[in-house]
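Everything below concerns the one structure shown next.
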Amino acid sequence: MADTLRSETWPIGRRAIASWEITSVMVSCLVAEWTVTALSGGSKVLMAIPVGFALALMLVSHVSYGETLKDLGFRLDNFLPACRLLLLPTVVVIAGILLTGWFLRGGMPAVSLLRPRLTLVPLWALFQQYALQGYLNRRAQIALGPGWTSVALVGILFSLVHFPNLFLCFLTLLGGLIWAFAYQRQPNLFALAISHTVASISIAVAIPLPYINGLRVGFKYFG
């Protein structure tokens, strides 16, 4: 874990700011998922307002901390070590997803087909891992220090944005903990995105739609 992110190396004021940054981005995401979705009728233009605000805050924050793309995890020098770190937990989780799907289907083979939109999953997974690890995890390490406290916070935050889809909340909590733990040891967003992509496609293909409600979260869960 990077010593530069140890909380004791930062003044109390900086740690408080990091906590505020985490809160601000999370509030923007939750507002987009719940309030804006409900009031906008699904308008992508209105949805872009809180999302754009959160992204702008993140970019400004990176500049203020002097963080480079390599610092955030857009790098290749530790790609293989990161993949090795993620391999076993990813395989175990995917096996669990496939077995769960088999059980929920009563032993019947999966009938879900790979849909065209799933081709965009790798890019979406990379963006999510950037926001989750390259921003929230790094700020959590400043506020709380590296280790299980900040790892747990990242996992909980990732699960929270998937509420009220309880099935996804559980899976994203588990995935969030694994990915946050791996990132603090080998910060590589590309390796994390691969793990995230495989897990997401496994859920979409193996789990019957009624149990995941079409992967809907936030206000859309009820629509």
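Bear in mind these aren't lab numbers, they're just calculated from the coordinates by the rules spelled out. From a predicted model like this one, the values you see are computed outputs, not experimental measurements. Cβ: placed from backbone, ideal geometry, glycine included. Neighbour counts: every protein chain shown.
Quick look at the numbers
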read-out: The chain: DSSP helices with Cα axial extent of at least 30 Å and average Kyte-Doolittle hydropathy no lower than 1.0; value: 44-65, 79-104
read-out: Percent of C-alpha pairs per 5 Å bin, region 102-223, short to long; value: 2, 11, 19, 21, 20, 13, 8, 4, 1, 0
read-out: Listed residue (Q184, I207, V151) projecting farthest to the positive dipole end of the chain, Cβ model; value: I207
read-out: Unit charges on C-beta of K, R, D, E only; dipole of the chain, Debye; value: 320
read-out: Region 68-222: relative contact order as a whole-number percent, Cα under 8 Å and 6+ apart; value: 41
